[in-house]
Amino acid sequence: MVQEAFIKLWKTRDQLDTSKSLKSYMFTIIRNLCLNHIRDHKNRFESLEGKEQSVHSLMIHQEQDGSSYMEQTIEIIEKLIKKLPERQREAFELSRFDGLLHEEIAEVMNISARTVNNHIVSASNFLREEYEVYNRRDIDIAL
């Protein structure tokens, strides 16, 4: 939101009154952007508040079972990565684990950099969606 405020400042720089405080102007912009964000995402915040306690209870329960939450998360992500189509998995692993640039991955895989990007985006979306489904299922079980 702060970045958005600076963009807004830059776009309206010709209309600024130099006799007024820039600090106050920026504060007002940021405050309004924050309030707009809260207003626009109110339902999301309300649903998160209710789930926050459930997630906390779930984490404590898992720690009491002798397995750490982080270890289970890594295990789940590794299983999800194995579910990816071979080329997506290869592009994703070269990018995220080996730190290669899209152009370097393109050379290794003998495909275009754009295709590499498409593979990585698709893999990331799949992993995010599947992990959210898994988390929702665990929260429902804990309740």
Regarding Arg137, is this residue modelled with pLDDT under 95, surrounded by fewer than 12 Cβ atoms within 10 Å (Cβ to Cβ) and part of a helix (DSSP H, G or I)? yes
Only listed residue being at pLDDT 80 or above, surrounded by 10 or more Cβ atoms within 10 Å (Cβ to Cβ) and charged (D, E, K, R), chosen from Lys42, Lys83: Lys83
Looking at (1) at pLDDT 90 or above; (2) out of contact with any His (no Cβ under 7 Å at 6 or more places or on another chain); (3) surrounded by 14 or more Cβ atoms within 10 Å (Cβ to Cβ), which is the one condition that is false for Asn117? (2)
Please tell me if Arg89 is of a type in the set (Lys, Arg), open to solvent by 60 Å² or more (accessible area, probe 1.4 Å) and at pLDDT 85 or above. yes
Test for Ile105: is it modelled with pLDDT under 55 and open to solvent by less than 60 Å² (accessible area, probe 1.4 Å): no
Give me the pairs: first residue in the range 89-103 and within 10 Å of Ile120 (Cβ to Cβ), second residue open to solvent by less than 60 Å² (accessible area, probe 1.4 Å) and not in a helix (DSSP H, G or I), beta-carbon distance under 7 Å, and six or more apart or on different chains, which are they? Phe92/Leu84; Leu94/Leu100
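The values are calculated or read from the model by the stated rules, or taken from the named source; none is laboratory data. In this text the structure is predicted, and so the values were computed from the model without any measurement. So basically every Cβ, Gly included, is an ideal-geometry build from the backbone, and we count neighbours across all protein chains shown. For accessibility, only protein heavy atoms count, side chains too; no ligands or nucleic acids. Shrake-Rupley method; radii C 1.70, N 1.55, O 1.52, S 1.80 Å.
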